[in-house]
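Peer 1: What follows is a structure written as C-alpha cells; I'll ask about it next.
The values are calculated or read from the model by the stated rules, or taken from the named source; none is laboratory data. Being a predicted model, the structure only gives us computed values, none of them experimental. Reconstructed Cβ throughout: ideal geometry from the backbone, glycine too, with neighbour counts over all protein chains shown. When the accessible area is computed, the model is the full protein with side chains, heavy atoms only, and any ligands, DNA or RNA have been set aside. Shrake-Rupley method; radii C 1.70, N 1.55, O 1.52, S 1.80 Å.
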Amino acid sequence: MAENKNISSVSFFHSRFTSILSIALVLFLMGLICLMGLLGNKLSIYVKENMSFSVMLKDDIKDLDIKRMQKSLDALPFIKSTEYISKEQAAKELEEELGEKPEIFLGFNPLQASIEVKLRSQYANPDSLKMIEHKIQSYSSVSELLYRRDMMEMVQHNMKRIGFVLLGLVAALTVISFVLISNTIRLLIYSKRFLIHTMQLVGASPGFIRAPFIRYNVVSGIVAAVIAICMLTGALYYLQSELTGFIQILDVPTMLIVYGAVLAMGIILSVCATYISVNKYLKMSFDKLYYV
C-alpha cells in the first residue's frame, strides 16, 4: 500500500512538474514576442534619432554666424541635437580613416565645416524630411544638405513590416499558447473526472467544484510564470553581454511591463483553460466518462 502511494505521489509530482514546465516554455515564448514588440518600437526610435545628416556650411561664414545658426537649429521642434564640426576637425577624422592627411596630396583642406543634425524620431520619416530640408536650406549660410534619404525610407518601411509581423506572431502564439495550456490542464483534470461526477451527485454546485481546480492551476500558472520570467531575465542578460548598445534601448519599465504581462497571461490562461476543462466534465454524462 505504501509503495503504491509513493508511486502515485511520484507520478503526481512528475505530471505537475511537466505541466508547469510546459506552461513556462509557452509563457517564455510569449514574453519574448512581447519584449520584441516593445523593444522594436524603442529600437525604431533609437535608430531614427541616431541617424544624422550634415548641414554643409559656406566657407566664408563667420564663427558668430555659426553659433547663431546652431542656436536657431536647436530651437526647432524637430531637431533633437546639433554638433558643429570645423574644417580642421573634419580633416582630422578623414586622416584617421585614410591614414594620411588630405593636405599632403591636395595641398589644401578640401573639406567644409558642417553641423551634424539629429532629428526627433517622430520627424525622421520621408514626408517630414522634405519640410525639414526646405526649412534648413532657407538659411543663407547653408551650402548643401547631405543625408541618406534611401536609408531613412528603408528604416521606416522595415519597421512597419516588423510591426505587422510581430502583431501576427502575438495573435498566433496566443491561440497556440491557449491550446497547449488547455490540453496540459485537461490531462491533469482528466484523472479527476469521476471525482467531479461524484461531487455532482452529492449536490455540489458547479462553482464549488471548479474552485479547487482553479486555485490549483492558478498556483501552477504563477509558478510557471516565475520560471518564464527567470528564463527571460537570463536571455536579456545574454543579449546585453553580446550586443553593444542593447542596454540603451532596454529600461526597467519595459522589463516590468513584460514581466507583468507574462504573470498575467500565466494566470488568465490557466483560469480560462481550467474553467473550460472542468465544464466539459460537468456537462458529460456518467456513461461517457469511460470513453473520453
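Peer 1: Tell me which residues, restricted to the range 252-287, are touching a helix residue (DSSP H, G or I) at 6+ places or on another chain (Cβ under 7 Å), part of a helix (DSSP H, G or I) and open to solvent by 60 Å² or more (accessible area, probe 1.4 Å).
Peer 2: Ile257, Leu263, Tyr275, Ile276
Peer 1: Here are some residues: Leu35, Leu73. Which one is in a helix (DSSP H, G or I), more than 30 Å from Gly168 (Cβ to Cβ) and at pLDDT 80 or above? It would help to see each step written out before you state the result.
Peer 2: Details: Leu35 fails: more than 30 Å from Gly168 (Cβ to Cβ).
When all the criteria are applied, what remains is Leu73.
Peer 1: I've got another one for you. Cβ-Cβ distance below 8 Å, separation of 6 or more or different chains: which pairs start in the range 237-254 with a residue that is at pLDDT 65 or above and end on one that is of a type outside the set (Phe, Trp, Tyr) and loosely packed, with under 14 Cβ neighbours inside 10 Å?
Peer 2: Partner pairs satisfying both residue conditions: Gln240/Ile247; Leu250/Gln240.
Peer 1: When you scan the range 188-229, how many residues do you find that are assigned to a helix (DSSP H, G or I) and farther than 13 Å from Ile20 by Cβ?
Peer 2: So the count comes out to 22.
Peer 1: From the set of residues in the range 114-138 that are part of a loop (DSSP other than H, G, I, E, B) and modelled with pLDDT under 80, which is surrounded by the fewest Cβ atoms within 10 Å (Cβ to Cβ)? Before the answer, list the steps.
Peer 2: Initially, the range 114-138 is screened for residues part of a loop (DSSP other than H, G, I, E, B), giving 120, 124-125, 138.
Cutting the leftovers down to modelled with pLDDT under 80 gives us 124-125.
Working: Ala124: 24, Asn125: 16.
Ranking the candidates gives Asn125 first.
Peer 1: Residue under question is Arg148, and the condition is that it be modelled with pLDDT of 80 or more and among the basic types (Lys, Arg); does it hold?
Peer 2: no
Peer 1: Give the residues of the range 57-85 that are surrounded by fewer than 14 Cβ atoms within 10 Å (Cβ to Cβ) and of a type in the set (Asp, Glu), sorted by residue number.
Peer 2: Asp59, Asp60, Asp63, Asp74, Glu83
Peer 1: Related question: Got a sec? Which of Met51, Met56 is under 30 Å from Ile162 (Cα atoms) and either modelled with pLDDT under 75 or of a type in the set (A, V, I, L, M) (or both)?
Peer 2: Only one candidate passes the filter, namely Met51.
Peer 1: Tell me, which residue of the range 175-197 that is of a type in the set (Ser, Thr, Tyr) and surrounded by 15 or more Cβ atoms within 10 Å (Cβ to Cβ) is nearest to Leu29 (Cα to Cα)?
Peer 2: Ser177
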